[in-house]
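The values are calculated or read from the model by the stated rules, or taken from the named source; none is laboratory data. Predicted, not measured: the structure shown is a model, and the values here were computed from it. Every residue, glycine among them, receives a Cβ derived from its backbone with ideal geometry; neighbour counts consider all protein chains shown. Quick note on the areas: whole protein, heavy atoms, side chains included, nothing else; ligands and nucleic acids left out. Shrake-Rupley method; radii C 1.70, N 1.55, O 1.52, S 1.80 Å.
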Amino acid sequence: MAKVPSPSPTPPPPDRVAPLDPAEERAWRAVARAMIVLPRVLEAELEAEHRLTTAEYFVLVNLSEEPERALRMTDLADRGALSLSGMSRVVDRLVRQGFAERTKCPSDARGSYARLTAAGLAKLEEAYVTHLRGVREHVMDHLQGVDLTAFAEAMERITGRCPDAPLPGGGAA
């Protein structure tokens, strides 16, 4: 009697999701922990050495990468995945510290720009060393032997980015 091959496993019905296998569970938990720990560690280093939050650092980086060192507030908020009011609070803190300024949009009275000041660029140059050291120590040094292109593409898919599309502002960390 010939052995009949077993049918391939059927996917679970739409109302029931298959549980994670042990390897998937381990990967998910590692990603979830990294999403919690990394921002806290990097921000603590920036706060301790430069009195900057990661959101403030993000704004300084993005403004520094623009030809006029300025961006519309709505574009800046989109890049940072923040609401316009949330980004406004971040930029307002930078304005109070002299690291940024706000200017009105000449073509749209409702719009405004955030512009990096010379003091903001100097602050970014100081903080960059700390941030780079933290990224190397807490991330890159642990990815030895990992295919970084494949890793970046997977993370871009997770965050909804097209792997071949450039990141806004050149994609600097």
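Here is a list: Glu43, Glu49, Glu66. Which entry is acidic (Asp, Glu) and under 13 Å from the mean Cα position of the chain (by Cα)?
The conditions single out Glu43.
Of all residues in segment 139-165 being open to solvent by less than 50 Å² (accessible area, probe 1.4 Å) and part of a helix (DSSP H, G or I), which is modelled with the lowest pLDDT?
Here the residue is Glu156.
Determine, yes or no, whether Gly134 is touching a strand residue (DSSP E or B) at 6+ places or on another chain (Cβ under 7 Å), touching a residue at least 60 places away in the same chain (Cβ under 8 Å) and not polar (S, T, N, Q).
Judged against the criteria, Gly134 is not a match.
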